[in-house]
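For reference, the structure is listed below as structure tokens.
The values are calculated or read from the model by the stated rules, or taken from the named source; none is laboratory data. As the structure is a computational prediction, the values presented were derived from the model and not from experiment. Here the Cβ positions follow ideal geometry from the backbone for every residue, glycine too, while neighbour counts run over all protein chains shown.
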Amino acid sequence: MTLHRNLDPGLAAAVREGRLPVLDLGSVRVEDLPGMRLQMSEAIAAMEPLPQDERVTIEDRTVPGPEGDPDVRLRIYRPASRTGTIPALYWIHGGGMIFGQVEMEDSALTRYVVALGCAVVSVNYRLAPEHPDPAPVEDCYAGLVWTAKNAAELGIDPARIAVGGISAGGGLAAGTVLLARDRGGPAVAFQLLICPMLDDRNVTPSSREFADAVVWNRAANLLGWKALLGERAGGEDVSVYAAPARATDLSGLPPAYVDVGELEVFRDECAEYALRLAQAGVSTEFHLYPGAFHGFEGLVPEAEISRRAAAERVVALRRALFD
């Protein structure tokens with residue numbers, strides 16, 4: 001791995017010392033992904049679980065999926081001592097459309113609950129290539145619909161539900177919010193899009209620049225989109241709910257927060273999406289973190305830039321859900 005000359009010093013140390021997971025997908029075929037995922041799941045299952053924070057309760061629910069499709073698993077986090085109705089963050093995990101599960105987000109989502117006193121509902125959507133588009137975004141939307149309909153039972157204020165996600169989850173969050181608008185679904189109060197995966201066309205300067213990148217490079221991104229869309233990837237027949245950067249009408253969407261690292265494939269598509277949201281009349285906050293790679297705040301949480309990014313997201317959610 002060649003270190004980029006502009007890499008943030010606090011992040012560069014972690015890269016030099018080999019403290020980051022190596023994800024080399026350059027030679028991986030779409031058909032290899034289910035076996036790779038099984039190996040990852042087995043490795044995670046073999047790890048000793050982290051102790052649960054007593055300030056937060058965690059409950060799994062199985063709820064109706066899209067019509068004619070399997071049920072969807074949701075993981076629900078609540079403040080243990082909070083009473084009354086509270087806002088909620090509906091969360092969608094990352095993983096390039098091909099990896100990931102709700103369990104991997106326990107620590108991060110527990111921190112949101114503790115910092116904000118809100119509930120979090122995290123959706124375990126189906127993954128590609130076994131479940132190509134539209135399965136992932138339809139699972140996410142079905143979970144959101146169930147959450148809003150059952151808000152009273154969950155102790156959630158249905159008027160204060162934010163939809164958020166990271167990486168592929170950020171792209172799915174944007175797609176889910178578009179679906180909610182177009183189907184007259186739940187009224188989403190806010191969208192939190194963390195380094196979202198938005199554009200299958202891979203034609204921006206940053207999508208070409210970072211063929212060699214920390215964590216998630218161009219080859220990995222092409223693989224993720226091919227798994228999700230097959231031969232449609234990059235062509236004309238792609239839904240805006242799968243690739244929200246393709247949406248021509250962004251009006252009528254909830255206020256947004258978008259952030260992304262300077263040194264990653266998604267930089268330009270995220271910046272362009274944030275600008276287009278603002279041009280469509282959507283109140284939008286955008287952060288471009290200098291010298292930062294994909295997922296930097298979760299991988300190197302002790303770095304000053306990571307602490308700043310995490311704090312800014314909490315501020316944005318607090319303002320959107322509590323002010």
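A few points about this structure:
- Members of the stretch 221-240 found to be without any contact (Cβ under 8 Å) to a residue 24 or more places away in the chain, assigned to a loop (DSSP other than H, G, I, E, B) and within 19 Å of the chain's Cα centre (by Cα), listed by number: none
- Of the residues making up the stretch 1-13, those that are surrounded by 14 or more Cβ atoms within 10 Å (Cβ to Cβ) and either in contact with a strand residue (DSSP E or B) (Cβ under 7 Å, 6 or more places away or on another chain) or at pLDDT 90 or above (or both) are LEU7, ASP8, GLY10, LEU11, ALA12, ALA13.
- Strands (runs of 3 or more DSSP E) fully within the stretch 1-113 counting 1 or more residues that are among the hydroxyl-bearing types (Ser, Thr, Tyr) and touching a residue at least 40 places away in the same chain (Cβ under 8 Å): 72-79, 86-92
- Taking each residue of the stretch 147-176 that is of a type in the set (Asp, Glu) and looking for partners that are part of a helix (DSSP H, G or I) and modelled with pLDDT of 95 or more with beta-carbon atoms closer than 9 Å, six or more apart or interchain, yields ASP157/ALA151; ASP157/LEU321.
- Residue check, VAL28 surrounded by 14 or more Cβ atoms within 10 Å (Cβ to Cβ), more than 30 Å from ARG318 (Cβ to Cβ) and β-branched (Val, Ile, Thr): yes
- Test: residue in the stretch 199-206 that is of a type in the set (Gly, Ala, Ser), surrounded by 17 or more Cβ atoms within 10 Å (Cβ to Cβ) and modelled with pLDDT under 95: no
- Some residue of the stretch 164-171 being of a type outside the set (S, T, N, Q), surrounded by fewer than 19 Cβ atoms within 10 Å (Cβ to Cβ) and out of contact with any Cys (no Cβ under 6 Å at 6 or more places or on another chain): no
- Cross-chain or 6+ apart pairs with Cβ under 8 Å, the stretch 203-220 first and assigned to a helix (DSSP H, G or I), then among the hydroxyl-bearing types (Ser, Thr, Tyr): ARG218/SER207
Here is a yes/no grid of residues against (1) of a type in the set (Asp, Glu); (2) under 18 Å from the mean Cα position of the chain (by Cα); (3) surrounded by 20 or more Cβ atoms within 10 Å (Cβ to Cβ):
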{"position": "PRO244", "(1), (2), (3)": "no, yes, yes"}
{"position": "THR248", "(1), (2), (3)": "no, no, no"}
{"position": "ASP259", "(1), (2), (3)": "yes, yes, yes"}
{"position": "ALA271", "(1), (2), (3)": "no, yes, no"}
{"position": "SER283", "(1), (2), (3)": "no, no, no"}
{"position": "PRO301", "(1), (2), (3)": "no, yes, no"}
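- Scanning the stretch 163-211 for residues being β-branched (Val, Ile, Thr), over 16 Å from ALA256 (Cβ atoms) and touching a helix residue (DSSP H, G or I) at 6+ places or on another chain (Cβ under 9 Å) gives a total of 1.
- For the stretch 14-53, the set of residues classified as among the charged types (D, E, K, R) and either more than 24 Å from LEU228 (Cα to Cα) or at pLDDT below 85 (or both) consists of ARG16, GLU17, ARG19, ASP24, GLU42, GLU48, ASP53, listed by residue number.
- Subset of the stretch 255-286 (residues that are part of a loop (DSSP other than H, G, I, E, B) and more than 27 Å from ARG307 (Cβ to Cβ)): ALA280, GLY281, VAL282
- Test for ASP323: is it under 27 Å from SER107 (Cα atoms), buried (at least 22 other Cβ atoms within 10 Å of the Cβ) and not hydrophobic (A, V, I, L, M, F, W, C): no
- Breaking point among (1) surrounded by fewer than 20 Cβ atoms within 10 Å (Cβ to Cβ); (2) touching a residue at least 24 places away in the same chain (Cβ under 8 Å), for PHE296: (1)
- Qualifying residue in the stretch 65-84 (condition: at negative phi, touching a strand residue (DSSP E or B) at 6+ places or on another chain (Cβ under 9 Å) and β-branched (Val, Ile, Thr)): yes
- Residue in the stretch 188-201 that is farthest from LEU321 (Cα to Cα), counting only those that are touching a residue at least 60 places away in the same chain (Cβ under 8 Å) and assigned to a loop (DSSP other than H, G, I, E, B): ASP199
- Selected residue (criterion: farthest from GLY295 (Cα to Cα)) from residues of the stretch 151-171 that are in a strand (DSSP E or B) and within 8 Å of the chain's Cα centre (by Cα): GLY164
- Condition met for ARG73 (surrounded by fewer than 20 Cβ atoms within 10 Å (Cβ to Cβ) and among the basic types (Lys, Arg)): yes
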